[in-house]
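Novice: The structure under discussion is supplied below as structure tokens; questions concerning it will follow.
The values are calculated or read from the model by the stated rules, or taken from the named source; none is laboratory data. Computed from a predicted structure; not experimentally measured. Here Cβ is always computed from backbone atoms with ideal geometry, including for glycine, and neighbour counts include all displayed protein chains. Just the protein is used for accessible areas: all its heavy atoms, side chains included, with ligands, DNA and RNA removed. Shrake-Rupley method; radii C 1.70, N 1.55, O 1.52, S 1.80 Å.
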Amino acid sequence: MIVGVQQYPIRPQTADVNENVLSDQLANESVLTDDLIKQAGRRLEDALREFEAYCSSLHIDPHNSGFRLVTDGQLPLRQCLHPEACRKEIDLPSYYTAFHDLRKEVCRFLGKTDEAPQSVGEMLEYLQIEPEEENEFYMKEAKDMVNIVQRLLLDGHRFDIPESVNLILEPGICSKDDEIDSNCVVRARGLPWQSSDQDIAKFFRGLNVAKGGVALCLSPQGRRNGEALVRFVSQEHRDMALKRHKHHIGSRYIEVYRASGDDFLSVAGGSNCEAQAFLSRGAAVIVRMRGLPYDCTAKQVLEFFASGENSCNVLDGNDGVLFVKKSDGRATGDAFVLFANETDAPKALSKHRESIGSRYIELFRSTTAEVQQVLNRTLDPKVYETPAPILPPIHPVPLLPQHIITSGTRKDCIRLRGLPYEAQVEHILDFLGDYAKNIVFQGVHMVYNAQGQPSGEAFIQMDSEQSAFITAQQKHHRYMIFGKKQRYIEVFQCSGEDMNLVLTGGIPAPVSPAKAAPALLSPGGNIIPTAFHPGPNFPGYAPVQIAATPLGPRQFLPHQIFYWPYPSPPVSPTNYYPTMPPPGALPPQQPQQPLIPPECVGLPPMAAIPTMDARLMSDGLQRSEHEKSRQNFPQNQYVELII
């Protein structure tokens with residue numbers, strides 16, 4: 001029996017009166033029109049209230065345990081209603097977290113395991129039910145679904161296995177010995193650096209993430225790198241997660257790719273007994289502390305969180321604090337702290353940058369996977385025994401030199417000045433925000449001075465002149481927050497030639513003084529001849545010395561600068577200017593002949609010119625006999641004074 005049929009069109013928030021709201025396919029299949037959506041469309045929260053009021057008018061309590069939603073497949077709730085409600089910060093009633101997928105119920109009734117029906121029409125064919133005669137698409141589909149449900153109930157089928165939607169990410173511990181199904185894991189890239197596991201689970205709202213199924217990836221320096229591995233309860237949920245590729249968190253679009261179970265274990269798996277015991281205490285919140293004094297004690301940590309207005313208690317006292325130590329037992333300045341309730345999280349994190357002793361402490365929401373990952377790295381002696389290479393590795397394959405790739409007069413680059421010397425590529429990307437998506441592949445170039453130290457500058461290749469113009473216009477003189485520092489950054493639009501000029505420390509080809517532009521040199525840059533081109537002197541694109549051609553008058557012979565080929569490490573191309581090349585990198589050098597200005601060539605040899613030691617003497621000082629007997633020069637003889 002059909003009690004009633006209701007339809008609630010939802011109007012998109014960003015719908016413009018002049019834009020088409022519906023796709024061509026939806027407009028052809030349904031009775032909906034753009035005019036109907038724009039005129040009769042409701043806000044989502046209004047439609048939810050209207051539906052609940054309609055149920056109450058029929059004396060139906062949707063909050064009753066016997067009330068069940070039945071949908072045509074998984075997508076209406078998992079991929080539409082729950083993500084949209086999450087984006088609009090709408091709390092859905094609890095009855096939207098349990099439903100029956102009619103396609104799966106038909107498969108279970110028929111005993112089919114190979115392929116599920118993909119539409120209401122296919123379900124009617126499987127059950128040999130005549131479709132309803134109805135002109136309106138949604139009314140016809142609703143009546144057909146009612147007929148299918150009635151047929152299943154009459155034949156003895158029980159709707160006793162509802163689908164569930166998990167709204168809370170449950171903590172869980174992953175061991176290195178666990179077996180992870182590779183068909184259930186995805187890799188999410190481009191996440192905001194401040195994202196927690198709860199933020200990532202919120203991005204996948206509607207899909208069920210496995211317990212402890214969000215593993216934040218860390219950089220070699222132990223910082224989050226904007227990637228995460230997410231493990232779902234089934235392949236079906238993983239496949240739906242892949243369809244959220246390039247959906248947004250705030251203004252950032254997120255890339256979603258397939259990953260393997262081994263990838264997840266390499267990040268989230270652990271074998272440390274101390275970590276297992278620490279994580280098994282059943283905490284709802286894990287907070288990571290960074291920058292602790294090396295002699296900090298658990299008592300000081302407890303007092304740190306218990307003091308002040310937003311006081312909170314650490315779970316299990318001293319046992320709720322885990323200090324991160326190196327393999328030799330030395331402190332690293334990091335610790336993890338457990339809290340019992342979710343309400344403790346904002347209180348604990350409000351103490352970010354408060355001090356213990358003379359050190360201010362950084363606080364971050366953490367995860368079980370991050371605890372495992374940090375301990376795995378710090379307890380590995382190789383992490384501290386092998387220093388990171390100063391210079392990027394030489395690639396065995398031939399690569400084009402950077403100055404060939406970075407060239408041209410199109411102003412599709414931007415120049416950043418005033419960067420903190422400690423700033424890395426990820427800090428620059430975070431500073432640029434949404435404009436970073438217009439950077440070309442490996443397009444961030446850091447500028448180093450002749451001593452190999454950061455110069456506070458960077459060049460970035462954009463995908464168009466328009467992107468470079470807008471980025472420079474919007475980000476010029478904006479502030480970059482770096483630790484305690486707050487620096488405003490200068491952002492200029494420039495060309496590839498300008499960019500190559502600083503990256504190689506070179507000057508353009510000689511031009512007349514009237515046409516010459518001022519040289520674009522970063523602090524510490526060296527003036528050298530025009531950039532070299534590949535040839536016999538550039539074998540295998542190994543580090544090569546840039547040959548110095550004779551310089552004109554009033555110019556100087558530069559220091560030797562060595563160029564490493566493009567690209568450098570995976571994150572970004574980087575130029576280094578070491579004072580000495582690696583051993584064996586250069587062929588033996590011939591002794592250089594002194595440079596003679598062209599106007600001096602061909603002059604006859606000059607006779608020896610007498611010299612005079614000119615000193616400014618105080619009248620009160622006595623001159624020695626030797627000074628009194630100094631030679632007097634004849635009239636008209638010029639004297640050269642050098643200070």
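Novice: Evaluate E = 1/(1 + (r/R0)^6) for Glu422 and Lys38, where r is the Cβ-Cβ distance and R0 equals 45 Å; express this FRET efficiency to the nearest 0.05. If you can, show how the numbers build up before the last one.
Specialist: Working: r = 52 Å, r/R0 = 1.16.
That pair, Glu422 with Lys38, gives E of 0.30.
Novice: So, one more: Can you list the residues, at least 5 places off or on another chain, whose amide H is less than 5 Å from the amide H of Arg224, using H built in the peptide plane?
Specialist: When sequence neighbours closer than 5 places are left aside, the close amide H contacts are Ser219.
Novice: Right, something else. Between Ser311 and Tyr138, what is 0.36 nm times their sequence separation minus the Cα-Cα distance? Round to one decimal in nm.
Specialist: Numbers: separation 173, 0.36 × 173 = 62.28 nm, distance 5.43 nm.
Full-extension gain reported as 56.9 nm.
Novice: Another one. Sum up the charges of everything whose Cβ sits under 15 Å from the Cβ of Glu50, counting Lys and Arg as +1 and Asp and Glu as -1, but leave Glu50 out.
Specialist: Values: positive: Arg11, Arg42, Arg43, Arg49; negative: Glu45, Asp46, Glu52.
Counting the neighbours of Glu50, the net charge comes to +1.
Novice: Give me the net charge for the shell around Glu490: Cβ to Cβ below 12 angstrom, other residues only, Lys and Arg +1, Asp and Glu -1.
Specialist: Values: positive: Arg415, Arg417, Lys475, Arg478, Arg487; negative: Glu457.
Around Glu490, the charge tally is +4.
Novice: Efficiency by 1/(1 + (r/R0)^6): what FRET value for Glu342 and Glu236, r their Cβ-Cβ distance, R0 = 51 Å, to the nearest 0.05?
Specialist: Working: r = 29 Å, r/R0 = 0.56.
Result of the calculation: an efficiency of 0.95.
Novice: Next up: Where only protein heavy atoms count, and the probe is 1.4 Å, what is the accessible area per residue for the range 278-389 in Å²? Mind dumping the intermediate values first?
Specialist: Numbers: 5480 Å² over 112 residues.
Heavy-atom SASA per residue in the range 278-389 reads 49 Å².
Novice: Restrict the search to the range 266-317; then list the chymotrypsin sites (Phe, Trp or Tyr not before Pro) that DSSP places in a loop and that have at most 13 other Cβ atoms within 10 Å of their Cβ. If you can, show how the numbers build up before the last one.
Specialist: Working: sites: Phe278, Tyr294, Phe304, Phe305; in loops: Tyr294.
Taking the range 266-317 and a limit of 13 other Cβ atoms within 10 Å, the loop chymotrypsin sites (Phe, Trp or Tyr not before Pro) found are Tyr294.
Novice: Right, here's the next one. Tell me, what HN-Hα J-couplings in whole Hz come from the Karplus equation 6.51 cos²θ - 1.76 cosθ + 1.60 at θ = phi - 60° for each residue of the range 439-448, using x for Gly and Pro?
Specialist: 7, 6, 4, 6, x, 9, 10, 8, 9, 10
Novice: Assign unit charges at the C-beta atoms only (+1 for Lys and Arg, -1 for Asp and Glu), then state the dipole size of the range 224-323 relative to its Cα centre in Debye, rounded to the nearest 20. Present the calculation step by step, with values, prior to reporting the outcome.
Specialist: Working: 12 positive and 12 negative charges, 102 e Å.
Roughly 500 debye, rounded to the nearest 20.
Novice: Assign one of three labels to the range 272-328, namely rounded, prolate or oblate, based on the Cα gyration tensor with a ≥ b ≥ c the square roots of its eigenvalues; rounded applies when a/c is under 1.5, prolate when it is not and a/b is larger than b/c, and oblate otherwise. Before the final figure, lay out the partial values.
Specialist: Values: a/c = 2.23, a/b = 1.21, b/c = 1.83.
The shape class here is oblate.
Novice: Any idea what the relative contact order of the range 134-283 is, in percent, if you count C-alpha pairs under 8 Å spaced at least 6 apart?
Specialist: Working: 212 pairs, mean separation 44.4, N = 150.
Relative contact order here is 30 percent.
Novice: If you don't mind, there's one more thing I want to ask. Roughly speaking, what is the stretch gain from Ile60 to Ile90, that is 0.36 nm per residue apart minus the C-alpha to C-alpha distance, in nm to one decimal?
Specialist: Details: separation 30, 0.36 × 30 = 10.80 nm, distance 2.28 nm.
Additional length available on full extension: 8.5 nm.
Novice: Using only alpha carbon pairs under 8 Å that are at least six residues apart, calculate the relative contact order of the range 37-98 and give it in whole percent.
Specialist: Taking the mean separation of contacting Cα pairs over the length of the range 37-98, I get 34 percent.
Novice: Under the definition of Cα pairs under 8 Å and six or more residues apart, what whole-number percent is the relative contact order of the range 324-384?
Specialist: Values: 43 pairs, mean separation 24.1, N = 61.
Answer for the range 324-384 is 39 percent.
Novice: Taking 0.36 nm per residue of separation and subtracting the Cα-Cα distance, what length does fully extending Val5 through Glu179 add? Walk me through the numbers before you get to the answer.
Specialist: On the way: separation 174, 0.36 × 174 = 62.64 nm, distance 4.76 nm.
Once the chain is fully extended between Val5 and Glu179, it gains 57.9 nm.
Novice: Another one. For a quick check: with amide H placed at 1.01 Å from N, whose amide H comes under 5 Å from Thr332's, ignoring anything fewer than 5 positions away on the same chain?
Specialist: For Thr332, whose amide H was placed from the backbone, the distant partners under 5 Å are Val324, Lys326.
Novice: Please list 3J(HN,Hα) in residue order for the range 172-188, calculated via the Karplus relation 6.51 cos²θ - 1.76 cosθ + 1.60 where θ = phi - 60°; whole Hz, with x for glycine and proline.
Specialist: Per-residue couplings from phi come out as x, 10, 10, 9, 4, 8, 5, 9, 10, 5, 5, 7, 10, 10, 10, 10, 9 Hz.
Novice: Separation between the Gln198 and Glu465 pseudo-spin-labels, each 7 Å from Cα along Cα→Cβ, expressed in nm?
Specialist: My value for the distance between the label points is 4.9 nm.
Novice: If eta is 0.890 mPa s and T is 25 °C, what Stokes-Einstein diffusion coefficient results for the range 88-137, Kirkwood Rh from Cα pairs, in µm²/s? Can you show the working numbers first?
Specialist: On the way: Rh = 13.4 Å.
Estimated via Stokes-Einstein, D reaches 183 µm²/s.
Novice: Mind listing the phi-derived Karplus ³J(HN,Hα) values for the range 64-72, rounded to whole Hz, using 6.51, -1.76 and 1.60 with θ = phi - 60°, and x for any glycine or proline?
Specialist: Per residue, the Karplus-derived 3J(HN,Hα) values read 5, 5, x, 7, 9, 8, 10, 10, 8 Hz.
Novice: While we're here: If a paramagnetic tag sat 7 Å from the Cα of Cys80 along the Cα-Cβ line, which residues of the range 205-224 would have the backbone N under 20 Å from that point?
Specialist: Answer for the range 205-224: 205-208.
Novice: Using a cut-off of 9 Å between beta-carbons, work out the net charge of the residues near Ala210 (Lys and Arg +1, Asp and Glu -1, Ala210 not included). Let's see the in-between values first.
Specialist: Working: positive: Lys211, Arg231; negative: Glu170.
Result for the local shell: +1.
Novice: Then there's this: How much FRET efficiency would the formula 1/(1 + (r/R0)^6) give for Leu22 and Tyr488, where r is the Cβ-Cβ distance and R0 is 45 Å, rounded to 0.05? Intermediate results must be reported in sequence, preceding the final value.
Specialist: Details: r = 46 Å, r/R0 = 1.03.
Taking R0 as 45 Å, the efficiency between Leu22 and Tyr488 is 0.45.
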